Amino acid sequence: MGAGRAVAVIALLAATAAAADAQRLVGTLRLPSGAPAAGVVLTALGAANVPVGRTVTRDDGSYALYLANGGNVQLVAKRVGHDPETVGRAEIDGSEIETLNGQLQQRPYELPQIPRGAATCGNGRGKRVADGLYAEILTAATAAQYRIGRQDLQARYVTTQYRIAKTSDDTLRAALRRVNGSLPAPFPPADTARLEESGFFATIGGNRTFFAPDLEILASEWFLRTHCVRVRRADDDSLVLALTSLRQRRGLVDVEGEFVLDWPTMALREFRFRYVDLPETERLSGAGGMLRFGRTPAGGWLVTEWRQRTPFLNYFAGEGNTTLIRTQMMQVDVVAHFVAGGQVLALADGTQLVYQRNPHGVRVAGTPFAPLCPERTTIQPTAAIRGQLRSDSSDAPLANTVVRASWTLPVIVNRTDVQEREEVREAITDADGKWFLCDIPLEREVIVRWESGYAERRIPVRATQAFSVVEVVQPR
C-alpha cells in the first residue's frame, strides 16, 4: 500500500465531470466469477492521466459515465480492499455512445502491518499506510454518495426528530415521518468555503445551524488539509481511525471523531463525529452525530442510518433581550438538545429490491398491515391507520397535505419530574389524497390532524388490535 497508490486513489475520488454537453461511456463490469460488480468507483482518465469523468457501478454492474472531454480514455476501477486496476480503454469521438464492458481481476492488496503512530499528518511508512486506509474510506463514501438523490432508485426511509431534556437523555418530543422517494442527503449541505470562514456553526438569516461533515466534505481537499486521521486501535475484526483537527481557531467550531472499519475487509462500518471548540456552556451537550454504512448483496454501498445531535440554544443580552447572534458578549443558555436523523428501510433499483432493513417483531401475512408497514421501527405491537382527505368546499382530493398523528406518554425527567412526552407520526397525501401511518400505539387516544384551507381538522382515533389497520373516515 504505497504512497503513490494512496495519493492516486484520493485524486481519483476527488475528480468530477461537469460538462453540460458531456459524452457518454456505458457498459457493465463483472467480478472474476461473472457476477455483477456493484459499488465500484470508475474514473475515466484522459490525456496525461487527467480525470475527465467519474461514476459508480449499479447493483447489476452497469454504469453510465459522462465525460468532460473526448479522445482516448482509460477506465480505472477501484473497489474497497482492492488495488485500482485498468479495466479497458476507449476512443470517444463525440458522435455516439461508446460501450465498454470489463471484468475485474482478483487483486486484493496485501494487508499492511500497521506501524505505531500511523497518521495522514505524519511521514514515512506510517503516513503511507494511513493514506491508504483513508483512501478505502473515501471509496466507500464515494460509492454511497452516488446513490443519494438518484431518481431511478426508490427508497423507503424514515426521518426522525427528537427534543431531549436539558440535563438528561429523556425524550420530550419524538416525531417520525415515513417517506417514499429517492435517497436523501443525511445532513444539510455545506461548502468548504463557508466552513473555512465560519467553522461548523453559523447563524444564517436568523437560523442557527450546525453543519455536519457529509460525504462530500469528507472527500474534499480542504478536509484532508485541515484534519488528520490516525490509527487508534486494531483488533481482530475491526480497525478504528481517529479524526482530529489540525488547528484551533478562536470562536469557530470544528469536528473530530472516528471511523470504524471491518478488518481485514476494510469495509467502512461507521463514522462518528463530535463538535469541538464549543463555548463552555455547550461543551457538555453531547453535540455530534454519526453515519452508518451498509452494503447490498451485490456489494453496493449506501448510508443506512444517520444522526446529528446539537444543543437547543437561547441567547440573552443585557436585560434578558434575546438575540440570534452568538458572540462573546452574549449569554447562552442550553435549554434542551435537538436530535435529527433517519434510517433507510428498503431500497429498490427498478423492480429489484437491493436492500431491506431487518424488520422488528412479526408481520401478519394476509392482512393489510404487512404491505403497508413491511419494516417496523419498534419492537412493540402496533397498528396502522389510513384514510383519504378531500377538500371541504369542492370535494377534490387534498394532495401533498401533511397528516400528523400525535399522542402523549408520561415520562420521568431527572428521576422525579413527571412530564408528558409528545409522540408524532407524519405522512404526506398522494395525488388521490390517500395516506397511511404506521407505528400507532394500542389502547391510547391518537389525534389525527391536517389543514384544510386555513382551518385545522382533527379526528380522534383508537387502535385496539395489534397489527390491524384502522380506517379513518373524514367527517363531511
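Some notes on this structure:
- Checking A90 against (1) of a type outside the set (K, R); (2) at pLDDT 95 or above; (3) surrounded by fewer than 21 Cβ atoms within 10 Å (Cβ to Cβ), the condition it does not meet: (2)
- Inclusion of G39 among residues that are modelled with pLDDT of 70 or more, assigned to a strand (DSSP E or B), among the small types (G, A, S) and surrounded by 17 or more Cβ atoms within 10 Å (Cβ to Cβ) is not warranted.
- The residue that is surrounded by the fewest Cβ atoms within 10 Å (Cβ to Cβ), counting only those in the stretch 384-398 that are part of a loop (DSSP other than H, G, I, E, B) and of a type in the set (D, E, K, R), is D395.
- I412 being of a type in the set (V, I, T), at pLDDT below 85 and touching a Gly at 6+ places or on another chain (Cβ under 7 Å): no
So that you can scan it fast, the table gives a plain yes or no per residue for (1) within 17 Å of the chain's Cα centre (by Cα); (2) free of Cβ contacts under 8 Å to residues at least 40 places away in the same chain; (3) under 22 Å from E305 (Cβ atoms):
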| site | (1), (2), (3) |
| --- | --- |
| T203 | no, no, no |
| C228 | no, no, no |
| L239 | no, no, yes |
| A242 | no, yes, yes |
| E270 | yes, yes, yes |
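- Residue in the stretch 142-153 that is part of a loop (DSSP other than H, G, I, E, B), aromatic (F, W, Y) and under 29 Å from I428 (Cα atoms) present: no
- Entirely in the stretch 409-476, the strands (runs of 3 or more DSSP E) that have 2 or more residues that are crowded, with 16+ Cβ neighbours inside 10 Å, touching a residue at least 40 places away in the same chain (Cβ under 8 Å) and touching a helix residue (DSSP H, G or I) at 6+ places or on another chain (Cβ under 6 Å): none
- L268 of a type in the set (A, V, I, L, M, F, W, C), surrounded by 20 or more Cβ atoms within 10 Å (Cβ to Cβ) and at pLDDT 95 or above: yes
- Pairs with Cβ under 7 Å, 6+ apart, first in the stretch 115-126 and under 15 Å from C228 (Cβ atoms), second of a type in the set (V, I, T): A118/V129; A118/V231; A119/V229; T120/V229
- Tallying residues that are under 29 Å from the mean Cα position of the chain (by Cα) and assigned to a strand (DSSP E or B) within the stretch 50-104 yields 18.
- In the stretch 354-378, residue modelled with the lowest pLDDT [restricted to those that are farther than 20 Å from L442 by Cβ and surrounded by 12 or more Cβ atoms within 10 Å (Cβ to Cβ)]: R357
- Among residues of the stretch 199-216, those that are outside any strand (DSSP E or B) and touching a strand residue (DSSP E or B) at 6+ places or on another chain (Cβ under 9 Å), counted: 7
- Of all residues in the stretch 95-131, those satisfying the criterion of being out of contact with any Leu (no Cβ under 9 Å at 6 or more places or on another chain), more than 30 Å from G294 (Cα to Cα) and surrounded by 12 or more Cβ atoms within 10 Å (Cβ to Cβ) are G122, R125.
- The one condition from (1) modelled with pLDDT of 90 or more; (2) crowded, with 16+ Cβ neighbours inside 10 Å; (3) in a strand (DSSP E or B) that P311 does not meet is (1).
- Residue count, the stretch 399-408 (criterion: under 16 Å from R457 (Cβ atoms), part of a strand (DSSP E or B) and β-branched (V, I, T)): 2
The values are calculated or read from the model by the stated rules, or taken from the named source; none is laboratory data. These numbers were taken from a predicted model, which means no experiment stands behind them. Because the Cβ atoms are built from the backbone with ideal geometry, glycine has one as well, and the counts that use them run over all protein chains shown.
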